[in-house]
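A.B. asks: Below: one structure in structure tokens.
What follows is calculated from the coordinates using simple rules that are stated; it is not laboratory data. No experiment lies behind these values; they were computed from the predicted model shown. Note: ideal-geometry Cβ built from the backbone for every residue, glycine included; neighbour counts use all protein chains shown.
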Amino acid sequence: MKKVFTTGQVAKICKVAPRTVSKWFDSGRVRGYRIPGSQDRRIPREHLIRFLKEHGMPLGELEEEGWHKILIIGADKLFVDRLKELLPEDEDYKYELANSGFEAGIQAESFHPDTIIIDLAMGRSEALQIAQNLRRNPHYESTLIIALASEDEAAPEQLVNYGFSEAFKKPFDVALLAERIRTLVEEKRENG
């Protein structure tokens, strides 16, 4: 995932001439910096995305990588609403919901989530099956898969044996979960 773009790369993304991007840069419409000792301009990814959004331009290939996509399986509406409050869509979080293993499979194929949250309340065996199926797919080997374990889950830490990355045992503060996801997103963007 590129973090900084040249004017030529930005021109390709925006489907304009490199001179146009230089003008945008020089007039301050798109923010960036010059390479010391040269006239070369560099535009950081977040400034480019902001510029494209402000001007209603398509994000193209940036869109996919710009979002952190969260697939929530089997969780109740209150949980979903609270998570969306803490990780809002205008901060580049995108959500899809699934209520069954079948739906989860379809969503995983089309949505390509970065984080998957599975509520074991949907049915423990189905939830474990979903996690195991996802882990078998090479696309999801390193995806964060979080279990929302019920209060009577004897050993939530054992859920890692079924393919979960982490487990949050109810009742838990959704803010902690949101903070965990935010941390991972930042790590991913820094290392990306």
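A.B. asks: May I ask what percent, to the nearest 5, of DSSP beta bridges between residues of the chain are antiparallel? Intermediate results must be reported in sequence, preceding the final value.
C.D. replies: Details: 5 of 24 bridges.
Bridges in the chain are about 20 percent antiparallel.
A.B. asks: State, as an integer percentage, the relative contact order of the chain based on alpha-carbon contacts under 8 Å between residues 6 or more apart. Let's see the in-between values first.
C.D. replies: Values: 262 pairs, mean separation 29.2, N = 192.
Result for the chain is 15 percent.
A.B. asks: P(r) for segment 39-192, please, calculated from all Cα pair distances in 5 Å bins and given in %.
C.D. replies: Histogramming segment 39-192 at 5 Å steps yields 2, 8, 18, 21, 19, 14, 8, 5, 3, 1, 1, 0, 0 percent.
A.B. asks: If one computes P(r) from the Cα atoms of segment 1-128, what percent of pairs lie at distances over 23 Å?
C.D. replies: Working: 3856 of 8128 pairs.
When all Cα pairs of segment 1-128 are counted, 47 percent exceed 23 Å.
A.B. asks: Can you count the Lys pairs in segment 40-185 whose Cα atoms are under 22 Å apart, with each pair 8 or more apart or on different chains?
C.D. replies: 12
A.B. asks: Something else now. Could you work out [θ]222 nm for the chain from helices alone, using -39500 (n - 2.57) per DSSP H run of at least four and dividing by all its residues? Round to the nearest 500 deg cm²/dmol. Walk me through the numbers on the way to the answer.
C.D. replies: Numbers: 8 runs with 85 residues, N = 192.
Taken over the chain, the calculation gives -13500 deg cm²/dmol.
A.B. asks: Would you mind computing, in nm to one decimal, how far apart the modelled labels at Asp173 and Ser110 are, each placed 7 Å from Cα along Cα→Cβ?
C.D. replies: Calculated label separation equals 3.7 nm.
A.B. asks: Between 0 and 90 degrees, rounded to the nearest ten: what's the tilt of helix 124-136 against the longest Cα principal axis of the chain?
C.D. replies: 40 degrees
A.B. asks: Ok, one more. So what's the angle, to the nearest 10 degrees on a 0 to 90 scale, between helix 45-54 and the longest Cα principal axis of the chain?
C.D. replies: 80 degrees
A.B. asks: In debye, nearest 20: dipole of segment 1-45 around its Cα centre with unit charges on the Cβ of K, R (+) and D, E (-)? Intermediate results must be reported in sequence, preceding the final value.
C.D. replies: Working: 12 positive and 2 negative charges, 35 e Å.
Taking the Cα centre of segment 1-45 as origin, the dipole is about 180 debye.
A.B. asks: Determine the shape class of segment 4-64: with a ≥ b ≥ c the square roots of the Cα gyration tensor eigenvalues, call it rounded for a/c under 1.5, and otherwise prolate if a/b is greater than b/c, oblate otherwise.
C.D. replies: On the way: a/c = 1.70, a/b = 1.63, b/c = 1.05.
Note, shape of segment 4-64 comes out prolate.
A.B. asks: Separate question: Could you pull out every residue, at least 5 positions away or on a different chain, whose amide H is within less than 5 Å of the one on Asp114? Hs are placed 1.01 Å off N in the peptide plane, and Pro or chain starts have none.
C.D. replies: Residues meeting the criterion, in which the H sits 1.01 Å from N, are Lys69, Ile70, Leu71.
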